[in-house]
1. Are there chymotrypsin sites (Phe, Trp or Tyr not before Pro) in segment 65-160 that DSSP puts in a loop and that have at most 10 other Cβ atoms within 10 Å, and which ones?
2. Based on the alpha-carbon gyration tensor of the chain, what equivalent-ellipsoid semi-axes (square roots of 5 times the eigenvalues) come out, in whole Å, largest first?
3. So which lysines pass the test for K50, namely a Cα distance under 30 Å, with those fewer than 8 places away in the same chain ruled out?
4. What is the percent carbon and sulfur in the accessible area of the chain, measuring with a 1.4 Å probe over the protein chains and ignoring ligands?
5. How much accessible area per residue does the chain have, counting only protein heavy atoms and a probe of 1.4 Å, in square angstrom?
6. Which of the trypsin sites (Lys or Arg not before Pro) found in segment 17-58 are loop residues per DSSP with 11 or fewer other Cβ atoms within 10 Å of their Cβ?
7. Out of residues 5 or more away from V5 or on other chains, whose amide H comes under 5 Å of its own, with H placed 1.01 Å from N in the peptide plane?
8. State, to one decimal in nm², a quarter of the convex hull surface area for the C-alpha atoms of segment 1-51, i.e. the direction-averaged projected area.
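The values are calculated or read from the model by the stated rules, or taken from the named source; none is laboratory data. Remember, predicted model here, so these are calculated numbers, not experimental data. All Cβ positions, glycine included, derive from the backbone under ideal geometry; neighbour counts span all protein chains shown. Surface areas here come from the heavy atoms of the whole protein model, side chains and all, with no ligands, DNA or RNA. Shrake-Rupley method; radii C 1.70, N 1.55, O 1.52, S 1.80 Å.
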Amino acid sequence: MSEVVTNTSPLIVLAKAGLLELLPKLFSEIVVPTAVRDEIMAGSDGDAMKKALPIQRWLRVVELTPPLSPLAAMQLGRGEAEAVEYARRHGDCTVLLDDRAGRRAAHAFGLRVFGTLSVVAAASKQGHVRSFDETLDRLRGAGLYVSDSVVEAVRRGLKV
(Lines give C-alpha, C1' and ligand atoms only; values in the text may rest on other atoms or scores of the structure.)
Protein backbone atom coordinates (compact mmCIF):
# COMPACT_ATOMS: atom_id res chain seq x y z
CA MET A 1 0.00 0.00 0.00
CA SER A 2 0.94 3.62 -0.10
CA GLU A 3 1.34 6.41 2.41
CA VAL A 4 -0.79 6.59 5.56
CA VAL A 5 -1.20 9.47 7.99
CA THR A 6 -2.27 8.41 11.44
CA ASN A 7 -4.05 9.79 14.43
CA THR A 8 -2.95 9.07 18.00
CA SER A 9 -5.28 6.31 19.14
CA PRO A 10 -4.41 3.68 16.50
CA LEU A 11 -0.72 4.09 17.29
CA ILE A 12 -1.28 3.82 21.04
CA VAL A 13 -3.48 0.73 20.75
CA LEU A 14 -1.18 -1.01 18.26
CA ALA A 15 1.87 -0.28 20.43
CA LYS A 16 0.13 -1.44 23.61
CA ALA A 17 -0.94 -4.66 21.86
CA GLY A 18 2.60 -5.25 20.54
CA LEU A 19 1.43 -4.86 16.94
CA LEU A 20 3.03 -1.58 15.89
CA GLU A 21 5.31 -3.41 13.44
CA LEU A 22 2.29 -4.16 11.23
CA LEU A 23 2.23 -0.59 9.90
CA PRO A 24 5.51 -0.67 7.91
CA LYS A 25 4.50 -4.07 6.54
CA LEU A 26 1.31 -2.57 5.11
CA PHE A 27 2.27 0.98 4.17
CA SER A 28 5.25 2.39 2.32
CA GLU A 29 5.31 5.49 4.51
CA ILE A 30 3.74 6.23 7.91
CA VAL A 31 3.21 9.92 8.63
CA VAL A 32 2.60 11.38 12.09
CA PRO A 33 1.45 15.02 12.30
CA THR A 34 3.14 17.09 15.02
CA ALA A 35 -0.11 17.31 17.00
CA VAL A 36 -0.23 13.50 17.13
CA ARG A 37 3.41 13.36 18.22
CA ASP A 38 2.69 15.94 20.92
CA GLU A 39 -0.34 13.98 22.19
CA ILE A 40 1.74 10.81 22.40
CA MET A 41 4.66 12.50 24.14
CA ALA A 42 2.27 14.06 26.69
CA GLY A 43 1.29 10.54 27.81
CA SER A 44 2.64 8.70 30.82
CA ASP A 45 6.26 7.62 30.83
CA GLY A 46 5.21 3.97 30.83
CA ASP A 47 3.12 4.30 27.67
CA ALA A 48 4.31 1.85 25.00
CA MET A 49 3.87 4.33 22.15
CA LYS A 50 5.66 7.12 23.99
CA LYS A 51 8.63 4.76 24.37
CA ALA A 52 8.41 3.59 20.74
CA LEU A 53 7.99 6.94 18.97
CA PRO A 54 11.58 8.19 19.24
CA ILE A 55 13.10 4.90 18.04
CA GLN A 56 10.80 3.99 15.14
CA ARG A 57 12.73 5.21 12.10
CA TRP A 58 9.81 4.35 9.79
CA LEU A 59 7.56 6.97 11.43
CA ARG A 60 7.90 10.37 9.78
CA VAL A 61 6.77 13.35 11.87
CA VAL A 62 5.45 16.21 9.72
CA GLU A 63 4.42 19.76 10.44
CA LEU A 64 1.50 21.12 8.47
CA THR A 65 2.52 24.10 6.37
CA PRO A 66 0.61 26.33 6.45
CA PRO A 67 -0.50 25.33 9.94
CA LEU A 68 -4.00 24.23 10.75
CA SER A 69 -6.34 26.99 11.83
CA PRO A 70 -7.55 26.62 15.44
CA LEU A 71 -11.08 26.77 14.03
CA ALA A 72 -10.42 23.61 12.03
CA ALA A 73 -9.92 21.59 15.22
CA MET A 74 -13.12 22.71 16.92
CA GLN A 75 -15.12 19.62 16.00
CA LEU A 76 -12.21 17.19 16.15
CA GLY A 77 -9.20 16.81 18.37
CA ARG A 78 -6.07 18.54 17.13
CA GLY A 79 -4.39 15.26 16.17
CA GLU A 80 -7.40 14.03 14.21
CA ALA A 81 -7.81 17.40 12.51
CA GLU A 82 -4.15 17.47 11.44
CA ALA A 83 -4.29 13.87 10.19
CA VAL A 84 -7.40 14.57 8.10
CA GLU A 85 -5.97 17.83 6.78
CA TYR A 86 -2.63 16.23 5.86
CA ALA A 87 -4.45 13.50 3.90
CA ARG A 88 -6.66 16.10 2.22
CA ARG A 89 -3.63 18.12 1.15
CA HIS A 90 -1.64 15.11 -0.07
CA GLY A 91 -4.10 13.36 -2.35
CA ASP A 92 -3.30 9.66 -2.51
CA CYS A 93 -2.88 9.20 1.23
CA THR A 94 -4.90 6.95 3.51
CA VAL A 95 -5.88 8.34 6.90
CA LEU A 96 -5.82 6.04 9.93
CA LEU A 97 -8.54 6.97 12.44
CA ASP A 98 -10.72 5.12 14.91
CA ASP A 99 -12.86 7.99 16.21
CA ARG A 100 -16.28 8.20 14.56
CA ALA A 101 -16.26 12.00 14.17
CA GLY A 102 -12.81 11.92 12.59
CA ARG A 103 -13.85 9.15 10.20
CA ARG A 104 -16.95 11.11 9.19
CA ALA A 105 -14.88 14.22 8.52
CA ALA A 106 -12.39 12.23 6.43
CA HIS A 107 -15.20 10.59 4.44
CA ALA A 108 -16.77 14.02 3.85
CA PHE A 109 -13.53 15.01 2.08
CA GLY A 110 -13.60 11.81 0.04
CA LEU A 111 -10.54 10.39 1.78
CA ARG A 112 -9.65 6.72 2.04
CA VAL A 113 -10.02 5.79 5.72
CA PHE A 114 -8.62 2.87 7.66
CA GLY A 115 -9.25 2.03 11.29
CA THR A 116 -7.12 -0.12 13.55
CA LEU A 117 -9.34 -3.08 12.72
CA SER A 118 -8.73 -2.44 9.00
CA VAL A 119 -5.00 -2.66 9.66
CA VAL A 120 -5.45 -6.05 11.31
CA ALA A 121 -7.73 -7.28 8.51
CA ALA A 122 -5.18 -6.25 5.86
CA ALA A 123 -2.37 -7.84 7.88
CA SER A 124 -4.41 -11.02 8.18
CA LYS A 125 -5.09 -11.15 4.43
CA GLN A 126 -1.37 -10.71 3.74
CA GLY A 127 -0.30 -13.32 6.27
CA HIS A 128 1.37 -10.91 8.71
CA VAL A 129 -0.69 -12.18 11.66
CA ARG A 130 -1.37 -15.78 12.55
CA SER A 131 -5.00 -15.29 13.48
CA PHE A 132 -7.42 -12.41 12.97
CA ASP A 133 -9.36 -13.38 16.10
CA GLU A 134 -6.28 -13.69 18.34
CA THR A 135 -5.03 -10.34 17.09
CA LEU A 136 -8.44 -8.77 17.67
CA ASP A 137 -8.36 -10.08 21.25
CA ARG A 138 -4.96 -8.43 21.75
CA LEU A 139 -6.32 -5.13 20.42
CA ARG A 140 -9.38 -5.30 22.65
CA GLY A 141 -7.11 -6.08 25.60
CA ALA A 142 -5.12 -2.97 24.70
CA GLY A 143 -8.26 -0.82 24.82
CA LEU A 144 -9.72 -0.89 21.31
CA TYR A 145 -13.48 -0.72 21.33
CA VAL A 146 -15.13 -2.09 18.23
CA SER A 147 -18.70 -3.36 18.01
CA ASP A 148 -19.43 -6.99 17.31
CA SER A 149 -21.36 -5.99 14.17
CA VAL A 150 -18.29 -4.22 12.76
CA VAL A 151 -16.11 -7.22 13.61
CA GLU A 152 -18.54 -9.55 11.85
CA ALA A 153 -18.60 -7.33 8.76
CA VAL A 154 -14.81 -7.37 8.64
CA ARG A 155 -14.74 -11.15 9.16
CA ARG A 156 -17.12 -11.59 6.23
CA GLY A 157 -14.81 -9.45 4.11
CA LEU A 158 -11.88 -11.66 5.01
CA LYS A 159 -13.68 -14.74 3.71
CA VAL A 160 -14.35 -13.24 0.30
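1. Values: sites: Y86, F109, F114, F132, Y145; in loops: F109, Y145.
Here the sparse-neighbourhood loop sites are Y145.
2. Values: eigenvalues 115, 66, 43 Å².
For the chain, the semi-axes come out at 24, 18, 15 Å.
3. K16, K25, K125
4. Working: 4250 of 8190 Å².
C and S atoms contribute 52 percent here.
5. On the way: 8190 Å² over 160 residues.
Here the per-residue accessible area is 51 Å².
6. Working: sites: K25, R37, K50, K51, R57; in loops: R57.
Loop-located and lightly packed - R57.
7. Under 5 Å from the amide H of V5 lie the amide H atoms of V31, T94, V95, L96, each far enough along the sequence or on another chain.
8. Values: hull surface 13.0 nm².
With every direction weighted equally, the projected area is 3.2 nm².
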